[in-house]
Amino acid sequence: MAILKILHYPDERLCRAAKRVELVSEVTRKLVRDMAKTMYAAPGVGLAATQVDVHEQVAVIDVSEERNQLKVFINPEIIASSGEKECEEGCLSVPGIYEMVRRAEKITVRALDENGQSFTLEAEGFLAVCIQHEIDHLHGKVFVEYLSRLKQIRIRAKLKKRLRETM
Ligand code: GNR
Ligand code: NI
C-alpha cells in the first residue's frame, strides 16, 4: 500500500471533473486501499480520487471515532436531499483553512462499493457533510468556492505564501 501525494489548492487539477468508473476492478480496489491509507495517515475523514490526481469517481470516508468504519463510494450520486445546515469545513487540499459552509442537512446517496455492488445510504450530520464535500471534489469543486470572492483571494494568497516559506 502506498501513501499518495495530495494536491493543494489552487492547483488546477482539483478543478477536473472525474469520470465514472465503468468496471470496478482490482485496479480500482488498489486505488481504494491506497486512498484509505493516505486518508488515515493525513489524518482526514475523507478523500476523493481527484485530490490524489486520479480523475475517476472514487471517494473514501471514515467519520468514526475508532477510525475503523471505512465507507467506499464509487460513482456516488445524491438522489435526494432536504434541509440546510452550516458546518465548519476543512480540506486536506486546503491545509489550515477552516470556514463555515451551508449544505443539505440530510441526503440519500447511491453508489457502488469496492465490489461493484450498488447501495443506497441515508446520511445526516457530519457524514452528510463529508459525502457532499467528497462528491464536490469529484465534480472539480473545492469548498472554498462557496466562500466570498474576497475570502477566496485571501486563502489563495495565504497558501501561496506558505508554499514559498516551505521551499
Ligand atoms: O478531513 C477532512 N475534514 C473535514 C471537516 C469538515 C468537513 C469536511 C471535511 S473532509 C476533510 C478531508 C478532505 O479534504 N476530503 O476531501
Ligand atoms: Ni476535501
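Could you tell me which GluC sites (Glu not before Pro) in the range 9-82 are loop residues by DSSP with no more than 16 other beta carbons within 10 angstrom of their beta carbon?
Those satisfying the criteria are 22, 65, 66.
Among 152-161, 88-97, how do they line up from the highest to the lowest mean number of other beta-carbon atoms within 10 Å?
88-97, 152-161
Taking 0.36 nm per intervening residue step and subtracting the Cα-Cα distance, what contour gain separates residue 80 from residue 165 on full extension?
26.2 nm
On average, how much area does the Cα convex hull of the range 32-114 cover when viewed from any direction, in nm²?
For the Cα atoms of the range 32-114, the hull's average projected area reads 5.9 nm².
List the relative contact order of the chain as a percent without decimals, with contacts defined as Cα pairs under 8 Å and 6+ residues apart.
It rounds to 24 percent for the chain.
Can you list the HN-Hα couplings for the range 58-71, worked out from phi with the Karplus curve (6.51, -1.76, 1.60; θ = phi - 60°), rounded to whole Hz and with x for Gly and Pro?
Computed from phi, the couplings for the range 58-71 are 9, 9, 10, 9, 8, 9, 6, 4, 7, 6, 9, 10, 5, 10 Hz.
Work from the charge dipole of the range 99-167 (Cβ charges, +1 for Lys and Arg, -1 for Asp and Glu, about the Cα centre) and give the residue of 120, 131, 146 farthest towards its positive end.
Of the options given, the answer is 146.
Mind listing the Cα extents of the chain along all three principal axes, in Å, largest one first?
Sorted from largest, the Cα extents of the chain read 44, 38, 32 Å.
Pull up the cross-link candidates among the lysines for residue 30, meaning alpha carbon to alpha carbon under 26 Å and not fewer than 8 places away within one chain.
Filter leaves 5, 19, 71, 141.
Which far-off residues, 5 or more places away or on another chain, put their amide H under 5 Å from the one on residue 99, with H placed in the peptide plane?
When sequence neighbours closer than 5 places are left aside, the close amide H contacts are 89.
Return the distance in nm (one decimal) between the two label points of a simple spin-label model at residue 156 and residue 27, each offset 7 Å from Cα along Cα→Cβ.
Taking the two extended label points, one gets 3.4 nm.
Taking R0 as 25 Å, what FRET efficiency do you get between residue 99 and residue 55 from their Cβ-Cβ distance, rounded to the nearest 0.05?
The calculated FRET efficiency here is 0.45.
Rule-based calculations on the coordinates, nothing more; no lab input. Every value quoted in this text rests on a predicted model; they were computed, and no experiment measured them. We place every Cβ from the backbone using ideal geometry, glycine too, and count neighbours over all the protein chains shown.
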